[in-house]
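Read through the structure below, which is laid out as structure tokens, and then see the notes.
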Amino acid sequence: MKKKLALVCASLLASTAFAATSTTVYIQDVTHARPNVPYFISTKHTYSVQNDSGSVQSVAVCMTTALCYNAASQYKKILQSCDKFDLQPGEVKNITNNTRLDFNYPFTGWCDVAASTEVFGWQHSLATKNGKLKVSPN
């Protein structure tokens, strides 16, 4: 029975394509800003997609930064961009994107920051990171 199971697994593995897909995202844990002064949230999005499937694959990668999404609607800011491309068999795409979300808030207090890098296609990968923004005069 073990030999039959091993043969079945080996035949499945031989006919299955594996792709190496990874994502990362980085934002500061806490960003400090002063009220009524222009500032920005920096985010670093990195992804790597390898096509070893044997056929052309369509891929989309979306990089999102959401600022103060838990605050009043006039303070919510979202920056999103998506890369769309076709990968040829054997092709690898490694990209790092640095984004900047500008803001200028009149209030003092805390709000949430969230960032994500997500690969869509025949493979899927998602990286998320949460942080905080502190707006205070000091």
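Each reported figure results from applying straightforward, stated rules to the coordinates on display, with no laboratory input. What you are looking at is a predicted structure, and each value in this text was computed from that prediction instead of being measured. Please note: Cβ atoms are built from the backbone with ideal geometry, for glycine as well, and neighbour counts cover all protein chains shown.
Quick one: order Ile27, Ile78 by neighbouring beta-carbon count within 10 Å, fewest to most. Mind dumping the intermediate values first?
Details: Ile27 23, Ile78 12.
So the ranking, lowest neighbour count to highest, is Ile78, Ile27.
Dipole magnitude of the range 17-135 about its Cα centre, charges +1 at Lys/Arg Cβ and -1 at Asp/Glu Cβ only, in debye to the nearest 20?
Numbers: 10 positive and 8 negative charges, 114 e Å.
Dipole about the Cα centre, nearest 20: 540 debye.
Round to a whole angstrom and tell me the spacing of the C-alpha centers of the range 100-138 and the range 31-93. Each part's Cα centre sits 11 Å from the other's. For the range 117-132, the Karplus equation 6.51 cos²θ - 1.76 cosθ + 1.60, evaluated at θ = phi - 60°, returns couplings of 10, 9, 9, 10, x, 6, 10, 9, 8, 9, 10, 10, 8, 10, x, 9 Hz by residue, with Gly and Pro reported as x.
When its C-alpha radius of gyration is set against 2.2 N^0.38 Å (N residues), the chain gives a value of 1.44.
Computed from Cα atoms, the angle from the helix 2-15 axis to the main principal axis of the chain rounds to 60 degrees. In the range 17-135, taking the dipole from charged Cβ atoms about the Cα centre, the farthest positive-side position among Gln28, Ser48, Cys82 is held by Gln28. Report summary: the helix-based calculation at 222 nm, which adds -39500 (n - 2.57) for every DSSP H run with n ≥ 4 and divides by the residues of the chain, gives -3500 deg cm²/dmol. Peptides 32-41, 106-115 ordered by packing proxy, namely the average of other Cβ atoms within 10 Å per residue, highest first: 106-115, 32-41.
FRET efficiency for the pair Ser22 and Ser136, taken as 1/(1 + (r/R0)^6) with r the Cβ-Cβ distance and R0 = 30 Å, rounds to 0.25.
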